[in-house]
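What follows is a set of notes on a single structure, which appears directly below.
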Amino acid sequence: MFKKLLIIILFIVSTNSIFAQQFRQKIYLLKSSYITNALSLTPKEAEKFWPVYNLYSDKIHELKFELENNLDKKLLKNGNLAALSDNDAEKYLNNSLQMEQEIVTQKIKMQKELSKIISAKKIILLQKAEKDFNRRMLQEYGRRKGMMKNQ
């Protein structure tokens, strides 16, 4: 009985993981298409652009994720923000500033690398396209969440 239950749980977890991975891939493809169109990348530009963009955007994403989860771990450890000691709060703030500085450093490196591939105007268009894409994704998420509540 326990063996069957374990198999069912593993199946559910692996299926859930597969769906999450497919969802991330779909978002990645949508974003890639959106940015390619927004920047009017030529095939030659796209060939050089995407490896650089993906490298730095992945690093930046990891840093942002770590930054967001850092405080959450402190809160979970202590139960709430009020229980956070001044010493831990100071360590958190210093760590946060270092991580934010590293995010800016990665953005600067990305911009320098991309400026060898695309024009400054296209880099500005990239920044706008990223914001627009994220805004659209949030709007779509909100719309779908609202539709689920109405059902």
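Structure values in brief
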read-out: Lone unmet requirement of (1) farther than 14 Å from K31 by Cβ; (2) touching a Lys or Arg at 6+ places or on another chain (Cβ under 6 Å) for F133; value: (1)
read-out: Scope the stretch 113-124; condition within 28 Å of E66 (Cβ to Cβ) and exposed (fewer than 12 other Cβ atoms within 10 Å of the Cβ); matching residues; value: I124
read-out: The stretch 28-56, subset small (G, A, S) and open to solvent by less than 30 Å² (accessible area, probe 1.4 Å), residue nearest to I103 (Cα to Cα); value: S32
read-out: Subset tally (residues that are of a type in the set (D, E, K, R) and either free of Cβ contacts under 8 Å to residues at least 12 places away in the same chain or in contact with a His (Cβ under 8 Å, 6 or more places away or on another chain) (or both)) for the stretch 103-115; value: 1
read-out: Candidate set: the stretch 85-99, residues that are of a type in the set (G, A, S) and either assigned to a helix (DSSP H, G or I) or open to solvent by 100 Å² or more (accessible area, probe 1.4 Å) (or both); chosen: the one nearest to N70 (Cα to Cα); value: S96
read-out: Qualifying residues in the stretch 125-148 (those that are of a type outside the set (G, A, S) and within 21 Å of P51 (Cβ to Cβ)) - the one surrounded by the fewest Cβ atoms within 10 Å (Cβ to Cβ); value: Q127
read-out: Any chance Q106 is open to solvent by 60 Å² or more (accessible area, probe 1.4 Å) and either in a helix (DSSP H, G or I) or touching a helix residue (DSSP H, G or I) at 6+ places or on another chain (Cβ under 9 Å) (or both); value: no
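The values are calculated or read from the model by the stated rules, or taken from the named source; none is laboratory data. All values reported here derive from a predicted model rather than from experimental measurement. Cβ sites come from the backbone with ideal geometry, for glycine too, and all protein chains shown count toward neighbours. When the accessible area is computed, the model is the full protein with side chains, heavy atoms only, and any ligands, DNA or RNA have been set aside. Shrake-Rupley method; radii C 1.70, N 1.55, O 1.52, S 1.80 Å.
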